[in-house]
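Reading through the structure tokens given below for one structure.
The values are calculated or read from the model by the stated rules, or taken from the named source; none is laboratory data. Keep in mind it's a predicted model, so treat the numbers as computed, not measured. Here the Cβ is made from the backbone with ideal geometry for all residues, glycine too, and neighbour counts use every protein chain on show.
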């Protein structure tokens, strides 16, 4: 396996926190969450001890998890705004449409060039850019990946759309890693997404 995929696996084991899904894996050993503190009282360890990185058989467990992954993340590219939302946006200092130009400028892109890299109908992308529609989370993550966006810019765009990186989501953990570590080479990016069966990001690929 390529080194970058090994590093991705290590990061995933450290970050992924869907403990219901993890504990259901055959061979997963539930860690002791209670212990005797120095003062003699019973204390509870942080739930992070349940992550795969603390399992002796983490590699085997990770393979089982990967085998059962199915990308069920939302596939629409946008959501409609209510009249109340549209009126509220006029008063808000930060909205997706207001933050987008600056985020794209930081990575040398424009709204037009970014739209050409996304698998979204141009008419809907124009409405997203103008603020008439808001993008779904898949779209923001895809945008960050294809435009080589800075992590903070991506986080800001997610935030104004009502989202954030979620460590219980396979998709979010992988996308966050790629953006944070600036793994934007198309082949490497696509290999990482394929390794974790992430198929629903609206990224336009060559024929």
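Taken over the stretch 177-194, the residue count meeting the criterion of being touching a helix residue (DSSP H, G or I) at 6+ places or on another chain (Cβ under 7 Å), closer than 26 Å to residue 156 by Cβ and not in a loop (DSSP other than H, G, I, E, B) is 8. For the stretch 5-40, the set of residues classified as under 17 Å from the mean Cα position of the chain (by Cα) and in a loop (DSSP other than H, G, I, E, B) consists of 16, 17, 18, listed by residue number. Checked against the criterion of being outside the structural domain of residue 165 (by TED's automatic domain parsing) and at pLDDT 95 or above, the candidates 35, 16 yield just one match: 16. Being in contact (Cβ under 8 Å) with a residue 12 or more places away in the chain, more than 26 Å from residue 68 (Cβ to Cβ), out of contact with any helix residue (DSSP H, G or I) (no Cβ under 6 Å at 6 or more places or on another chain) and outside any helix (DSSP H, G or I) is not true of residue 197.
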